[in-house]
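What follows is calculated from the coordinates using simple rules that are stated; it is not laboratory data. Computed from a predicted structure; not experimentally measured. We place every Cβ from the backbone using ideal geometry, glycine too, and count neighbours over all the protein chains shown.
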Amino acid sequence: MVEKILRVQPNVKKLYLLLRSVDEITATQRFHNEVVEKDLFRVLKEKWNGNIDDLISEKICLVIGDITNSNLGLKDSYLLKEMKNQIQIIVNLAATTKFDERYHIAYMLL
């Protein structure tokens, strides 16, 4: 979904991607390994001559948090306020990979 938005909606200002992670470095590595380095980004990489780092740094803001916590688990009040003022559309792709997860925990992901 991230690739498609960046490819077909070049005027999008910013994508805030909420990731569960221990720290920012781990989140950045995870995003690059599990998203950007996939073949799905091939067309976008070709469009940007193989270097989409500038596009990513301009358009994507990785946010470390947890959807099951209050205020998405964000401790940075400035970032939370910025997100509340800037975000127009929310797409929730949160999920659990535990197929025997307790209902009240799985429900919190909705």
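Looking at Leu18, Val91, Ile52, which one has the Cα that reaches farthest to the positive end of the dipole of the chain (charges on Cβ: Lys, Arg +1; Asp, Glu -1)?
Checked the options; the winner is Val91.
Net charge around Val8, counting only other residues with Cβ within less than 14 Å of its Cβ (Lys, Arg = +1; Asp, Glu = -1)?
In short, +3.
Compute, for region 2-107, the length of the dipole vector about the Cα centre, with Cβ point charges of +1 (Lys, Arg) and -1 (Asp, Glu) only. Units Debye, rounded to 20.
340
Which of the lysines could a cross-linker span from Lys38 if the Cα-Cα distance has to be under 25 Å and same-chain partners fewer than 8 positions apart are dropped?
Correct list for Lys38: Lys4, Lys13, Lys14, Lys47, Lys59, Lys98.
Report, in degrees rounded to the nearest 10, the 0 to 90 angle that the Cα long axis of helix 77-86 makes with the longest principal axis of the chain.
Result, in degrees: 60.
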